[in-house]
């Protein structure tokens, strides 16, 4: 399948009150499927719409959504894709979203209840014959990372929010952080051509 980054993630911060992270949104497609990997968050919906217009896409064209974890900066825009099957780790259903806060506790169920069909995924699953799922519960209990075999970019690694950015990645690679995430990143990095970060520019891996 062909892989394209539609929006590069980042974060908008206006001290002292406003923090609006938005994640990278990618499209994985072939003649049968149009898959959004991370549908994205509210601050990026207009950028996503512009990208769709440029490519001649409509919301109803999206057949599948793959979500690294259920945080609002990754899932908000899922409400627009009514035809899509949502692929999310099976542990998402165990979380107590009402405990997220008086507003967030209402916001999360609103988005989750908009999902027409959910396909629970787990560690070791392979989606669409090309997306390998790794359960990486270091950021949240339902968090997954992805290794994708693509036809145009080779092996693409999407670590999700266990490694936000290039700077954080290099901290791991240089040994400044020595935890389970570091071990995982070093292992998978040996087997990929690109790393697509959730809140930074993609990076080509130089062997």
In the Gaussian network model of the chain, springs joining C-alpha atoms below 10 Å, which of 132, 183, 174 carries the largest mean-square fluctuation? 174
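In what sequence, highest mean first, do 41-48, 52-59, 141-148 appear when ranked by Cβ atoms within 10 angstrom? Can you show the working numbers first?
Details: 41-48: 17.2, 52-59: 12.5, 141-148: 22.4.
Ranked from most to least packed, the peptides come out as 141-148, 41-48, 52-59.
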Suppose the chain between residue 186 and residue 90 were pulled fully straight at 0.36 nm per residue; how much longer would it get relative to their current alpha carbon spacing? 32.0 nm
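Just to be sure I follow: if Rg is taken over the C-alpha atoms of segment 2-204 and Rh is the Kirkwood radius over the same atoms, what is Rg/Rh?
Numbers: Rg = 16.2 Å, Rh = 17.2 Å.
My calculation of the ratio gives 0.94.
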Once you sort the root eigenvalues of the Cα gyration tensor of segment 82-130 as a ≥ b ≥ c, which label holds: rounded (a/c under 1.5), prolate (a/b larger than b/c) or oblate (the other case)? oblate
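Based on the alpha-carbon gyration tensor of segment 148-196, what equivalent-ellipsoid semi-axes (square roots of 5 times the eigenvalues) come out, in whole Å, largest first? Don't jump to the answer; show the numbers that get you there.
Details: eigenvalues 82, 21, 15 Å².
With the √(5λ) rule applied to segment 148-196, the semi-axes are 20, 10, 9 Å.
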167, 195 arranged by Cβ crowding within 10 Å, fewest neighbours leading: 167, 195
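If each residue of separation counts as 0.36 nm, what is the full-extension length gain between residue 178 and residue 113 once their alpha-carbon separation is subtracted? Please list the in-between numbers first.
Values: separation 65, 0.36 × 65 = 23.40 nm, distance 3.87 nm.
So the chain would gain 19.5 nm between residue 178 and residue 113.
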If r is the Cβ-Cβ distance from residue 47 to residue 82 and R0 is 22 Å, what FRET efficiency results, to the nearest 0.05? 0.60
Within a Gaussian network of the chain (alpha carbon springs, distance under 10 Å), most fluctuating of 12, 93, 37: 12
Using a 10 angstrom cutoff on alpha carbons, build the Gaussian network for the chain and name the most mobile of 138, 172, 17. 17
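Each reported figure results from applying straightforward, stated rules to the coordinates on display, with no laboratory input. Just so it is clear, the structure is predicted and the values come from calculations on it, not from any experiment. For neighbour counting, all protein chains shown are included, and Cβ atoms are generated from backbone atoms with ideal geometry for every residue, glycine included.
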